[in-house]
Amino acid sequence: MENPCQAEPAGIYVHIPFCVWKCPYCDFYSITDMSLKEAFLGALLDEMQIGKETGFFQKTRFSYDTLYIGGGTPSVLDAEQISRIIEAACRSFQILSDAEITIEVNPGTVTPEQLRGYRHAGVNRINIGVQSFQDANLKFLGRIHSAQNAHLAIRQARDAGFENLGLDLIYGIPGQSEKSWLADLHRAVAYRPEHLSCYMLTFESGTQMDDDRKKGRFCPADEALTARLFETTISFLEDHGYAQYEISNFARSVSKRSRHNQKYWTDAPYRGLGPSAHSFAEARRCWNFRSVKKYVETLSTGKLPIEEKETLTREQRILETIYTGLRKTYGIDIDKFNKKFSTNFEEILGERIMPLEEKGLIQRSQNRCFLSRRGMLFFDSIVSILVQECKN
Amino acid sequence: MIPQNSFFEAGRECSSGDFELNMKNIRNFSIIAHIDHGKSTLADRLIQATDIISDRDFHDQILDSMDIERERGITIKSQTVCLPYTAKDGQTYFLNLIDTPGHVDFSYEVSRALASCEGALLLVDASQGVEAQTLANLYLALEHDLEIIPVINKIDLPSADIERVRKQIEDDLGLDSETAILASAKDGIGIEDVLEGIVNRLPPPLSGDAEAPLKALIFDSHYDPFRGTIVHLRVSQGKIKAGDVISFMSNNASYKVEEVGIFQIVRVPAKSLSAGQVGYMIAGIKTVSDTRCGDTITLKKQPCDSPMSGFKETKPVVFSSIYPVASDGYEDLVIALEKLKLNDASLIYEKDSSAALGFGFRCGFLGLLHLEVVQERLEREYDLSLILTAPSVQYEIIMNDGSSEIIDNPALYPDPTRIQTTKEPFIRAAIIIPDRYMGAVMSLCLERRGINKNYQYLTNNRLEMIFEIPLAEVVYDFYDRLKSVTQGYGSFDYDIIDYRETDLVKTDILINGERVDALSQLVHRDRSVERARLACERLRDEIPRQMFKIAIQGAIGAKIIARKTVSPFRKDVTAKCYGGDISRKRKLLEKQKKGKKRMKMVGQVMIPQAAFLSVLKTDNS
């Protein structure tokens, strides 16, 4: 039974806005000017201090069972700096003793000492941005590391004592064949990582790569091939003991899923720290300035660096719940949905779901509504159809 | 003498009754020209030269008050302005410039405007020379016995060839080129010569008997939200003043005159308007439909013996249905049409409904340009997004039982097995071209099922060709094509002559097997395959890819005559979704949701407004 007084544990996300080099496909916020590192760190600790008792989190005393240090490239920070961040977080927030503490690292920026230091600082989960085990692909993606670096980083992470390890891979790269992608997958599973994220290469608007594509500087991979790779990935990983739990995420067991990332897909509360980070609780969301300079400046005046806040209407919450829910293989929890919005899922969406169900894109069983494997390939279209005439 | 200055301040009543005494100081004139020869610029200069508007309030193309007129560089709604001018002879003259619309759809309006003038400036571009509309407009002016002053404009251009243009004026137009005024409206050259020319060379209005019963011609009207319909009129005999009870001779409707006056960008009230004057009348007339262009106004108690000649009731010849894209846009459309109708007497409409598009209106237009203008005004001035169905003419359908029906809407087309014969309207088209385009025009007209009845040389290289063509072929995109094959030199005018037997079919468009009633068209059998194929191609290009293959078919009854396919997405999935992505994605979905209000759902297929519009579009590019 849920106790209404005791909120579900929340998550903390810390955005490290630095990269040695901007990858042309990436739309996360980061800068390459490392001289601002210390100023940023100081500001980040201030944000924790000021933020612990202000903002919309003050109403509910949350406890936190995840801390995710992402970016950017968190591994541009040394172990001592990461340690300071974790310690400060523990001082300001009630972080549970068994919390999942993740760091994202770039294979080109880590040393064995650094990794040991992270582990020692309390990081218990590591996610390595491998992207590919082939130099040609890494070159196209504009990564600073080589395939060799990737192999090395994984071994070093294991050696440093990380028992919960995740790898990020990208497919749908121009020139990549099905065989070539399977080779990457084979190499990845050979390390028996606990977690795998396999992302279809996406051209996010505003990125250098999208600009290059529009200007015809390269020819994107064939759409049908990429679609096939999506399904190949799921079957291959299934055969190798990895169950898909979100469109792009796979884990060896339920406990090895990214506890933190699942919060985004279950409307759980999370607090974002650092430039551009988003916070969310109930119907409210706010996000920080997407600028290190502004972030540091605002905090130096004792104010939270919030760029914008929004309070979602019921209709918007329903929309987001559908959007995030259908990304999971579990799908939308219908009981939860009905309770949360005091509504009847069937009544408001049944009519829209039916034809999609007939086409085998969406499925319902007892308490769940979820996309089929084929349905996931058309996630955007399906969500768009479902939310069109969402009666309330 | 006429007392001045304060006299022309906006809003002040004319203080003088001297008007009727000074008929010789009035000139009523139009400017006629081929498109782009500088008509609006010349009008601007004349207005500026006579100081009726401050420089601060002045803007280019001041008489073209609609955005759409300025953007397209055409005049749709004619305007009138009275210019006070003190000539070299020391006298002050009142020059009534009656602006005219510039398109064949509105040729009746042009003829009414010219009927209120004694003279016209015929503007010819110094580098382009005499062109088709110059000629067509000249004929129209000569029909009304107008005195013509040729004006060679744009003489400042490096490519100006004044001597060649003089020769054309002489040879092609048969006018005395020695009397042509040289001008550059853009640089303000020759403006005084033009004003002096108007004063000295155009005759004053015939001093009709001011004591005779009132006879005045309505040449235009517009709607003012505060005063109701403003009737633009030219008094040809008698006098009209506030308090008079007048009647319209076409329908005997009578009204009490509230105000008369003249136009000076703003309306300036006057005590009366008498024979020869051009001005306006306000008489509590609710909608412009109650006043008809070309009608005659007289006094109820003391009517004149006969109306002005040339009155015609304008009849719509092109029909199309208008639907709001958003399903909740119907009420807005009702209001917008009612308002537009206040200002556009030639627009007619009645309720219509479609399975695919919901409720809308079946509308009648004077021509295709009129249709486009109405659509643009509705969308711009009333912020509506609309879907228009393919334009159609009126067909006469004779049933097996001998009864007959007039049909302009494909939705009402009866079961073909019940039809004995179908008749379609034919026009007599007069096309004037330089003779080098004879072959091109001949093939265009033959391709449009035209029959060449006659041709004759007007001058040594200018040709008039007469064709009988089905109206349906002309409303499609004939005028654009004529212009393109004649490089803009072709002018064209037409009258409906009769109804003739035809082989009509109804083509349907099916999307994934479902008929979209709003895309049905009535076409000649010979045209059906081509039209259906074109419609399918355009839909294919405009309908966004979806999860499934979309089949677009053209059909006559159960027979498929064209087919195109929109290939499906192979994938459509956002790869990553973390904390910073959700709000952005939600906004994107919300935007899409709004955008989809501009789409129509047929079965499972979303069809954007642009797709419907593309089927209607006529250009072949």
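May I ask you to sort B:Lys571, B:Lys315 by Cβ crowding, counting other Cβ atoms within 10 Å and putting the fewest first?
Ranked by crowding around the Cβ, least crowded first: B:Lys315, B:Lys571.
Output wanted: per-residue J couplings in Hz (rounded whole) for segment B:307-316, from phi through Karplus 6.51 cos²θ - 1.76 cosθ + 1.60, θ = phi - 60°, x for Gly and Pro.
Going residue by residue, I get x, 5, 7, x, 6, 10, 7, 6, 10, x Hz, with x marking Gly and Pro.
For a quick check: sort B:Lys241, B:Lys341 by the number of other beta carbons within 10 angstrom, fewest at the front.
B:Lys241, B:Lys341
Using only Cα atoms, find the angle between the long axis of helix B:162-171 and the longest principal axis of chain B, and express it within 0 to 90 degrees, rounded to the nearest 10.
Once rounded, one gets 90 degrees.
Pairs of alpha-carbon atoms within less than 8 angstrom and 6+ residues apart define the contacts here; what relative contact order does chain B have, in percent?
For chain B, the relative contact order is 10 percent.
Contact order normalised by length for segment B:160-304, with contacts defined as Cα pairs under 8 Å and 6 or more residues apart; what percent is it?
Value for segment B:160-304: 25 percent.
Expressed as an acute angle from 0 to 90° and rounded to the nearest 10, what is the orientation of the C-alpha long axis of helix B:525-542 relative to the principal long axis of chain B?
80 degrees
Can you return the aspartates and glutamates within cross-link range of A:Lys215? Criterion is Cα-Cα under 19 Å, with same-chain partners fewer than 8 residues away left out.
Result set, ordered by chain and number: A:Asp27, A:Glu204, A:Glu223.
Under a 5 Å amide H to amide H cut-off, with H placed in plane at 1.01 Å, what residues pair with A:Glu246 once short-range neighbours are removed?
A:Thr329
Residue by residue, what Karplus-based ³J(HN,Hα) values in Hz, rounded to whole numbers, does segment A:72-85 have, using 6.51, -1.76 and 1.60 with θ = phi - 60° and x for Gly and Pro?
Result, rounded to whole Hz: x, 10, x, 6, 6, 8, 7, 4, 5, 5, 5, 4, 4, 5.
Out of residues 5 or more away from A:Glu307 or on other chains, whose amide H comes under 5 Å of its own, with H placed 1.01 Å from N in the peptide plane?
A:Trp287, A:Asn288, A:Phe289
From the helices alone, meaning DSSP H stretches of at least four residues, give me the mean residue ellipticity at 222 nm for the protein assembly as shown, per-run term -39500 (n - 2.57), in deg cm²/dmol to the nearest 500.
Only helices count here, giving -9500 deg cm²/dmol.
Under 5 Å between amide H atoms, partner at least 5 residues away or on a different chain: which partners does B:Asp344 have, H built in plane at 1.01 Å?
none
Per residue of segment A:99-108, in order, report the coupling 6.51 cos²θ - 1.76 cosθ + 1.60 (Karplus, θ = phi - 60°) as ³J(HN,Hα) in whole Hz, putting x for Gly and Pro.
4, 7, 10, 10, 10, 9, 10, 9, x, x
Show which lysines lie in cross-link reach of B:Lys215 when reach means a straight Cα distance below 23 angstrom and same-chain residues fewer than eight apart are skipped.
Excluding near neighbours in sequence, the set is B:Lys24, B:Lys239, B:Lys241, B:Lys256, B:Lys271, B:Lys286, B:Lys300, B:Lys301, B:Lys312.
Where does helix B:191-201 land angle-wise versus the long Cα axis of chain B, in degrees 0 to 90, nearest 10?
70 degrees
Taking the beta-carbon count within 10 Å as an exposure proxy, list B:Ile543, B:Ile240, B:Ile496 from fewest neighbours to most.
The order, fewest Cβ neighbours first, is B:Ile496, B:Ile543, B:Ile240.
In terms of Cα to Cα distance under 18 Å, which lysines are near enough to A:Lys263, apart from those fewer than 8 places away along the same chain?
Counting by Cα, and skipping residues close in sequence, A:Lys263 has these lysines nearby: A:Lys328, A:Lys336, A:Lys340, B:Lys576, B:Lys585.
Read the figures in this text as sums done on the coordinates, not as results from a lab. Everything numeric in this text was worked out from a predicted model, so none of it was measured. With ideal geometry, Cβ positions are generated from the backbone for all residues, glycine too; neighbour counts draw on all protein chains shown.
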